[in-house]
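The values are calculated or read from the model by the stated rules, or taken from the named source; none is laboratory data. Keep in mind that this is a model prediction, so the values were computed, not measured. Don't worry about glycine lacking a Cβ; one is built from the backbone with ideal geometry, like all the others, and counts go over all protein chains shown.
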């Protein structure tokens, strides 16, 4: 938690963040989608890391990644941004 706060301070970013630990990628994404925002302050953008190992990753990881993207659409997020 402290490491995240320090990163925001060093990079002069003013933002809210939630930390989810000890979960699978898919479960963590579900928890963050449900926990983020209040009323009209609910975000409509989700940033995901780009999956660069499509051909070498295992099937379970790929399924979790695509399921997460589908969950985002089901939760009516307007934009999904994939980046490194």
Being at pLDDT 80 or above, part of a loop (DSSP other than H, G, I, E, B) and under 16 Å from residue 25 (Cα atoms) is the filter here, so list the residues in the range 54-84 that pass it.
-> 58
Residue 47 being modelled with pLDDT under 80 and either more than 25 Å from residue 3 (Cβ to Cβ) or within 10 Å of the chain's Cα centre (by Cα) (or both) = yes
